[in-house]
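The values are calculated or read from the model by the stated rules, or taken from the named source; none is laboratory data. In this text, all values refer to a predicted model and were calculated from it rather than measured experimentally. No Cβ is skipped: glycine too gets one built from the backbone with ideal geometry, and neighbour counts run over all protein chains shown. For the accessible areas, the whole protein counts, side chains as well, though only heavy atoms, and no ligand, DNA or RNA atoms are used. Shrake-Rupley method; radii C 1.70, N 1.55, O 1.52, S 1.80 Å.
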Amino acid sequence: MSDTITIRGFVATEIKSATTTGGVATASFRIGSTTRRYDRETGTWADGHTNWFLVQGYRHLAGSMGCSIRKGQPVIVLGKLKIRSWERDGRVYYSHTIDAEAVGHDLTWGTANFIRSSTKPLLSLVEQEPSFDGGHQPGPDGTFEEPEDSEEEGADGGDPAAAYVEDRNGDLVALDLETGELAESGA
């Protein structure tokens, strides 16, 4: 059985990250989804049955899950439900796995700060200007000449230690490391 479903619940385990034999990144966690109903007689909310699922993410989603999701957090998961059964010692067992297409925090319970990630590592996005004056550039041997301090450093408003990412147009844009927002982006 394979159906697309959306589940709201709480992360019940720490994220487990691994790599398949083919080199594909994976991450997984268990989620508990409990129904709630309002009891008019007592005027209170009551918990119903809890369904348990294993959420499995692959490739880029696996990396994002490992960096973003923590045990105890409320999440929403969209993916393909796979129910498998097997028999052992005369007893039938079932597993419920969701192959996730999307995972995110449930903002009903709080706030989140989204940071767009690139498929390229941050350092590969920073283009280094070629040196035409014969100066020494860092190379594979790891040597590096430190720049001299000057009073004009930062006068142009640029931050030499800033991170840069691609915006949706493919341009390199400075990333505000405090807020996670792209600066000067038309996106």
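Rounded to the nearest 10 square angstrom, Asp3 shows an accessible area of 70 square angstrom against a 1.4 Å probe.
Modelled label positions at Ser17 and Thr97, each set 7 Å beyond Cα in the direction of Cβ, lie 2.1 nm from each other.
For Gln73, nonlocal amide neighbours, meaning residues 5 or more places apart or on other chains whose placed amide H falls under 5 Å from its own, are Val11. Per-residue SASA remark: Glu101, around 110 Å² accessible (1.4 Å probe; ligands, DNA and RNA not included). Computed over the range 33-120, relative contact order equals 26 percent, with contacts defined as Cα pairs under 8 Å that lie 6+ residues apart. Determine the distance separating the Cα centre of the range 94-114 from the Cα centre of the range 47-86; give it in Å without decimals. Between the Cα centre of the range 94-114 and that of the range 47-86, the gap is 6 Å. Solvent exposure of Phe10, expressed as accessible area, is near 90 Å², computed with a probe of 1.4 Å over the protein chains only. Taking 0.36 nm per residue of separation and subtracting the Cα-Cα distance, full extension of the segment from Asn113 to Thr34 would add 25.9 nm. For Val55, the shell of other residues with beta-carbons less than 9 Å away shows a net charge of 0, using +1 for Lys and Arg and -1 for Asp and Glu.
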